[in-house]
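> Have a look at this one.
The values are calculated or read from the model by the stated rules, or taken from the named source; none is laboratory data. Since the structure is predicted, the reported quantities are computational estimates derived from the model, not experimental observations. Virtual Cβ from ideal backbone geometry, glycine too; neighbours counted across all protein chains shown.
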Amino acid sequence: MTKLSVNINKVATLRNARGGNVPDVLKVALDCERFGADGITVHPRPDERHIRRQDVYDLRPLLHTEFNIEGYPSPEFIDLVLKVKPHQVTLVPDSPTQLTSNAGWDTKKNLAFLSEVLEEFKKAGIRTSVFVSTDVEMIEYAAKAGTDRVELYTEPYASGYVKDPEAAVAPFVTAAKAVRSLGLGLNAGHDLSLVNLNYFYKNIPWLDEVSIGHALICDALYLGLERTIREYKNCLCQ
Ligand SMILES: CC(=O)[C@@H](O)[C@H](O)COP(=O)(O)O
Ligand SMILES: NCC(=O)COP(=O)(O)O
């Protein structure tokens, strides 16, 4: 089964726009679980423009499903993750001011750094994942660094899908096969949507997890959160 982890960053963005607690990020996370999400993802950034450190602490004891924290492994991020102990941490190579994630790691260049950080999380019993492109060498070096899983950066799939779905998914199928042959778990995310998710899943049904935020929260404006989550879950069936 491919799990759907709902990224609630955008809910926090909306809350922060007015300074109060509407919408209530914790309630939305619990409602996502109630409506069928298999996990909750957050990506706290240093400027706290959406999910804040305090949200991450507050969410931990409330969630009943898998909690995935994504981010650049700065000392502050490492400290937060080690204190919160989520089920999974996903390392993303973002700069502090980045608008959104736009690339996977150069795992060859960062092998020593990633190995050290991954080891620290593994010692704490936290499953690890590394955000990568479809470059097989990058996946091989992620395995060398000791990660449990990789998360494929799916923006190039999402943008290519519109013109030519088959060509867009092909490098992801190759990468996903490499991931499987290395014995790693497989996650995917970024710009996945109701338009492109089912085709991605059908081509790579051994996916462990997708994390989806932006498109899902936008769809919820029209469909409501409960129906939206149901429809995303339906995309993860043959
Ligand atoms: C790693 C990844 O693709 C997502 O976590 C994405 O970066 C979400 O972050 P934003 O909500 O800030 O775009
Ligand atoms: N890891 C990807 C994620 O959490 C959500 O990305 P997006 O759906 O907001 O593009």
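> Quickly run through segment 87-106 and pick out the residues that are in a loop (DSSP other than H, G, I, E, B), more than 11 Å from ligand 1 (Cβ to nearest atom) and in contact with an Asp or Glu (Cβ under 8 Å, 6 or more places away or on another chain).
Passing the criteria: H87, P96, T97.
> Next question. Enumerate the pairs (first residue in segment 208-220 and small (G, A, S); second residue anywhere and away from ligand 1 (no atom under 12 Å from the Cβ) and modelled with pLDDT of 95 or more) with beta-carbon separation below 6 Å, excluding pairs fewer than 6 apart on the same chain, so at least 6 apart or on different chains.
So the pair list comes out as A215/S193; A220/T228.
Here is a yes/no grid of residues against (1) modelled with pLDDT of 95 or more; (2) more than 24 Å from E231 (Cβ to Cβ); (3) surrounded by fewer than 19 Cβ atoms within 10 Å (Cβ to Cβ):
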{"position": "G104", "(1), (2), (3)": "yes, yes, no"}
{"position": "M138", "(1), (2), (3)": "yes, yes, no"}
{"position": "T147", "(1), (2), (3)": "yes, yes, no"}
{"position": "Y157", "(1), (2), (3)": "yes, no, no"}
{"position": "T174", "(1), (2), (3)": "yes, yes, yes"}
{"position": "L184", "(1), (2), (3)": "yes, yes, no"}
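> Among the residues of segment 92-123, what is the count of those that are away from ligand 2 (no atom under 16 Å from the Cβ), of a type in the set (S, T, N, Q) and within 23 Å of V136 (Cα to Cα)?
Number satisfying all stated conditions: 3.
> Given the residues D55, D38, D94, which is the only one that is in contact with a strand residue (DSSP E or B) (Cβ under 8 Å, 6 or more places away or on another chain), acidic (D, E) and under 17 Å from L186 (Cα atoms)?
Selected residue: D38, the only one of D55, D38, D94 that is in contact with a strand residue (DSSP E or B) (Cβ under 8 Å, 6 or more places away or on another chain), acidic (D, E) and under 17 Å from L186 (Cα atoms).
> Conditions first: (1) more than 16 Å from ligand 1 (Cβ to nearest atom); (2) touching a strand residue (DSSP E or B) at 6+ places or on another chain (Cβ under 8 Å); (3) not hydrophobic (A, V, I, L, M, F, W, C). E226 passes all but one, so which condition is the exception?
(2)
> Quick check on E48: is it among the charged types (D, E, K, R) and out of contact with any Gly (no Cβ under 7 Å at 6 or more places or on another chain)?
Details: among the charged types (D, E, K, R): yes; out of contact with any Gly (no Cβ under 7 Å at 6 or more places or on another chain): yes.
So E48 passes the test.
> Mind counting the residues in segment 26-51 that are in contact with a helix residue (DSSP H, G or I) (Cβ under 9 Å, 6 or more places away or on another chain), within 13 Å of ligand 1 (Cβ to nearest atom) and more than 25 Å from T107 (Cβ to Cβ)?
So the answer is 5.
> For segment 170-215: of the residues being assigned to a helix (DSSP H, G or I) and under 14 Å from C235 (Cβ atoms), which is nearest to ligand 1 (Cβ to nearest atom)?
Only one residue fits best here, namely A215.
> Turning to a different aspect of this structure: List the number of the failed condition for E66; all other conditions in (1) touching a His at 6+ places or on another chain (Cβ under 7 Å); (2) away from ligand 2 (no atom under 15 Å from the Cβ) hold.
Evaluating E66 over (1) touching a His at 6+ places or on another chain (Cβ under 7 Å); (2) away from ligand 2 (no atom under 15 Å from the Cβ) leaves (2) as the failure.
> Exactly one condition in (1) within 16 Å of the chain's Cα centre (by Cα); (2) over 26 Å from I8 (Cα atoms); (3) among the aliphatic types (A, V, I, L, M) is not met by A158; state its number.
(2)
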